[in-house]
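Trainee: The structure under discussion is supplied below as structure tokens; questions concerning it will follow.
The values are calculated or read from the model by the stated rules, or taken from the named source; none is laboratory data. Bear in mind the structure is a predicted one, so any value in this text is a computation, not a measurement. Only protein heavy atoms, including side chains, enter the accessible area calculation; ligands, DNA and RNA are left aside. Shrake-Rupley method; radii C 1.70, N 1.55, O 1.52, S 1.80 Å.
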Amino acid sequence: MSFFKKLKESISSKTEAVTNKFKEGLAKTRNAFVEKVEDLILRRKKIDEEFYEELEEILIGADVGVNTVMELIDDLRAEVRKQKIEDAAELKPILSEKLVKLLKGDENNSLRVSDNGLTVYLFVGVNGVGKTTTIGKLAHRFKQQGKKVLLAAGDTFRAGAIEQLEVWGQRVGVDVIKQQAGSDPAAVMFDAVQAAKTRGVDILLCDTAGRLQNKVNLMEELNKIYRVISREVPDAPHEVLLVLDATTGQNALSQAKLFGDKTGLTGLVLTKLDGTAKGGIVVAIRQEMNIPVKLVGLGEKMDDLEPFDSEQFVHALFAGLITEETVEEETQA
């Protein structure tokens, strides 16, 4: 059975609503990336050096990342030699399959949950990437699952950050633990953990600063928060999630490297994928950081935050090709 057909069957067992969210959320990347690949294959029937060079440019343009692109092209060359492929069209399923492999990695990308009571998630990332919105959407998601959720307003430095989290708390129907603006974020976390324990909360979602106005190093501040949480809840935080704005492309990758070295990241959240043609950044980050992408933001609505699914991602990118090939196969049969 062809790769595209297998992928289609794998997706058919997943809910249509989620499949549609991925398709709609990745429309810009699909238009910029897959349509260019399609055009290249139509124009150049033959696989030669110029074909590889153009494919390289398309992949780099979608922000797949130079190192990853080089590896991918080398892999494709090897497959072409091994399978003695001459027709460029035959590369489509091979390229798709390799992208799924690159995105999957070995780790489980589902969110870790505590075995005994309270689960604590710490959110880090620079200002403006959609951290607070992500926390609000995730609180909504957990609440829909019947969980008792609490929010901690640990970004005490950015003007309006506490109020923004409170607005989300009201929308979702979840309490927010806060102190005054400018107060010690670690003290807010201490209060939040105590409140979560007292109230029998299932999930505590903690916001943190993206930048500090004083001279204190942000990473030191985050480590202090980390220590306070783990002292109060020994196996916490269960996730340290770096929120990245997909529309910033390679800049998101450099942020991931900056935070990744210092804060014990366990997963990534990519927001605003629906607003960018550079969705290939998911592949670049996944490869270069070797940290799983756990959640993706695929739109503006409250329920547009989804667990990352590499098959849904590639299926959404290659949706047009998959339909074409499946129809062709059925016609031949």
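Trainee: When Rg is the radius of gyration of the Cα atoms in region 118-176 and Rh is its Kirkwood radius, what does Rg/Rh come to? Show your work: numbers first, answer last.
Mentor: Details: Rg = 11.0 Å, Rh = 11.7 Å.
Here Rg/Rh amounts to 0.94.
Trainee: Now, a different point. With both partners inside the chain, how many of the DSSP beta bridges are antiparallel, as a percent to the nearest 5?
Mentor: Beta bridges within the chain, antiparallel portion: roughly 15 percent.
Trainee: To test your reading of the geometry: what angle, between 0 and 90 degrees and rounded to tens, separates the Cα axis of helix 16-25 from the longest principal axis of the chain?
Mentor: So the helix axis and the longest Cα principal axis differ by about 80 degrees.
Trainee: Spelling out what I want: for every residue of region 47-59, take phi, set θ = phi - 60°, compute 6.51 cos²θ - 1.76 cosθ + 1.60 (Karplus), and round to whole Hz; glycine and proline get x.
Mentor: With the stated coefficients, region 47-59 comes to 8, 9, 4, 5, 4, 4, 4, 5, 4, 4, 4, 4, 5 Hz.
Trainee: Enumerate the calculated ³J(HN,Hα) couplings along region 142-154 in order (Karplus 6.51 cos²θ - 1.76 cosθ + 1.60, θ = phi - 60°), each rounded to whole Hz, writing x wherever the residue is Gly or Pro.
Mentor: Along region 142-154, the couplings run 5, 5, 4, 7, x, 8, 8, 10, 9, 10, 10, 8, x Hz.
Trainee: Okay, next question. Can you grab the distance from the C-alpha centre of region 154-225 to the C-alpha centre of region 274-303, Å, no decimals?
Mentor: 25 Å
Trainee: Residues with amide H under 5 Å of residue 267's amide H, sequence separation 5 or more or different chain, H placed in the peptide plane at 1.01 Å from N; which?
Mentor: Amide H to amide H, under 5 Å and 5 or more residues apart or across chains, residue 267 pairs with 240, 242.
Trainee: Subtracting the Cα-Cα distance from 0.36 nm times the residue separation, let me have the gained length for residue 6 to residue 288 in nm, one decimal.
Mentor: On the way: separation 282, 0.36 × 282 = 101.52 nm, distance 2.77 nm.
Stretched out fully, the residue 6 to residue 288 stretch lengthens by 98.8 nm.
Trainee: Over 27 Å between C-alpha atoms is what I'm after, so list which of 28/148; 101/272; 14/294 land there. Display every interim value, and only then the final one.
Mentor: On the way: 28/148 36 Å; 101/272 23 Å; 14/294 17 Å.
Too far apart for the 27 Å limit: 28/148.
Trainee: Got a number for the accessible area of residue 50? Probe 1.4 Å, square angstrom, nearest 10.
Mentor: Result for residue 50: roughly 100 Å² accessible.
Trainee: Mind checking which lysines have their Cα closer than 21 Å to the Cα of residue 224? Skip sequence neighbours fewer than 8 apart in that chain.
Mentor: Straight-distance partners of residue 224: 131, 178, 197, 215, 257, 262.
Trainee: Using a 1.4 Å probe on the protein heavy atoms, what percent of the accessible area of the chain belongs to carbon and sulfur?
Mentor: 48 percent
Trainee: Report the full-extension gain for the segment residue 170 to residue 48: residue separation times 0.36 nm, less the Cα-Cα distance, to one decimal in nm. Could you put the intermediate results ahead of the total?
Mentor: On the way: separation 122, 0.36 × 122 = 43.92 nm, distance 5.86 nm.
Going from the current span to full extension adds 38.1 nm.
Trainee: With θ set to phi - 60°, apply the Karplus curve 6.51 cos²θ - 1.76 cosθ + 1.60 along region 72-82 and write out the HN-Hα couplings as whole Hz, x wherever there is a Gly or Pro.
Mentor: Karplus-based 3J(HN,Hα) across region 72-82 equals 4, 5, 4, 4, 5, 4, 4, 5, 4, 5, 4 Hz.
Trainee: Then there's this: With each run of n ≥ 4 DSSP H residues scored as -39500 (n - 2.57), what mean residue ellipticity at 222 nm is computed for the chain after dividing by its residue count and rounding to the nearest 500 deg cm²/dmol? Numbers along the way, then the final one.
Mentor: Numbers: 14 runs with 174 residues, N = 333.
Calculated from helices alone, the mean residue ellipticity at 222 nm is -16500 deg cm²/dmol.
Trainee: Okay, next question. How about residue 301: which aspartates and glutamates have a C-alpha closer than 16 Å to its C-alpha, ignoring those fewer than 8 places off in the same chain?
Mentor: By straight Cα distance, residue 301 reaches 24, 274.
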